[in-house]
Amino acid sequence: MPTLLHIDSSAVADGSVSREVSAAFRAAWQAQHPDGTVIYRDLAVDPIPHLDGHGISATFTPAEGRSAEQSTALALREELMAELEQADAIVIGAPMYNFTIPSTLKAWLDQVILMGRTAGETPSAKGTPVTVIAARGGSYGPGAPREPYEFVTTYLEKVLTGMLGLEVDFIVPEFTLAPKVPAMADFVPKAAESKAKALEDAARKAKALAA
């Protein structure tokens, strides 16, 4: 039975473009796989603890020598890594916060990246397709004045592909703040156009992967 891992990291519950587009991806995928399994992680509602010393040291400590704290920390890492490995497709909502990803998403990445298992020469989830909804309030694409400040796709491409061996594709809705910020009123049409394209691209990508 096919499995989709769906991760949202936007701190905004209502009006989040990354959530709306990731939901469109999920809906299209489920339409093709009505009996499929969806593993959903809302990192804003149920944040994952940041990787700490217990979670790191547990991986270097034999089971019989682990403390209770190490065992608990490693159990969480095992659960999250298993979800990653089980997935046939992954969709991640990753809005830009202060030029990079939300700290909740970084916490998830730190927990699932483990050299010798999910990362390294033979990553355990290698080849799994991952679609990232990289929404942002303005424009940071090629030629934009703030292009040098784009650390969402640049970072995630290196981590998801370079470390986890996943096949990453980005869908990038831009100008998401335009309808809310008076100074950006001129960009409202561009925001609507970008969002509509993102929704179409998400549905198309999900159907292609499901097929």
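Of note:
- Flag for Leu105 being assigned to a helix (DSSP H, G or I) and either out of contact with any Lys or Arg (no Cβ under 9 Å at 6 or more places or on another chain) or modelled with pLDDT under 95 (or both): yes
- Output for the range 61-99, where each listed residue is in contact (Cβ under 8 Å) with a residue 40 or more places away in the chain and among the β-branched types (Val, Ile, Thr): Ile90, Val91, Ile92
- Contact annotation: residue pairs with Cβ atoms under 6 Å, 6 or more positions apart or on different chains, pairing a residue in the range 128-151 that is closer than 19 Å to Lys195 by Cβ with a partner that is of a type in the set (Gly, Ala, Ser) and modelled with pLDDT of 95 or more, are Val132/Ala94; Ile133/Ser18; Ile133/Ser22; Ile133/Gly93; Ala134/Ala94; Ala135/Ser18.
- Hey, Arg117 over 23 Å from Phe25 (Cβ atoms) and either assigned to a loop (DSSP other than H, G, I, E, B) or in contact (Cβ under 8 Å) with a residue 24 or more places away in the chain (or both) or not: yes
- Phe175 vs. criteria under 26 Å from Asp14 (Cβ atoms) and of a type in the set (Phe, Trp, Tyr): yes
- Among the residues making up the range 21-50, those that are of a type in the set (D, E, K, R), touching a strand residue (DSSP E or B) at 6+ places or on another chain (Cβ under 8 Å) and open to solvent by 30 Å² or more (accessible area, probe 1.4 Å) are Arg26, Arg41.
- Against the numbered list (1) open to solvent by less than 40 Å² (accessible area, probe 1.4 Å); (2) part of a loop (DSSP other than H, G, I, E, B), Ser18 comes up short only at (2).
- Residue in the range 160-173 that is open to solvent by 70 Å² or more (accessible area, probe 1.4 Å) and either basic (Lys, Arg) or in contact with a Cys (Cβ under 6 Å, 6 or more places away or on another chain) (or both) present: no
- In the range 143-186, of all residues being part of a helix (DSSP H, G or I) and among the acidic types (Asp, Glu), the one that is nearest to Pro129 (Cα to Cα) corresponds to Glu157.
- Residue that is most open to solvent (accessible area, probe 1.4 Å) [pool: residues in the range 63-122 that are among the polar types (S, T, N, Q), within 22 Å of Tyr155 (Cα to Cα) and over 12 Å from the mean Cα position of the chain (by Cα)]: Asn98
- Remark: pairs (first residue in the range 40-60, more than 16 Å from Glu79 (Cα to Cα); second residue in a loop (DSSP other than H, G, I, E, B); Cβ separation under 6 Å; 6+ apart in sequence or on different chains) = Ala44/Ala11.
- Evaluation of Thr131 against (1) open to solvent by 10 Å² or more (accessible area, probe 1.4 Å); (2) outside any helix (DSSP H, G or I) (one fails), failing number: (1)
The values are calculated or read from the model by the stated rules, or taken from the named source; none is laboratory data. On a predicted model such as this, the values are computed, not experimentally measured, just so you know. In this analysis, Cβ positions are derived from the backbone assuming ideal geometry, glycine residues included, and neighbour counts consider all displayed protein chains. The accessibility values were calculated without ligands, DNA or RNA, using every heavy atom of the protein model including side chains. Shrake-Rupley method; radii C 1.70, N 1.55, O 1.52, S 1.80 Å.
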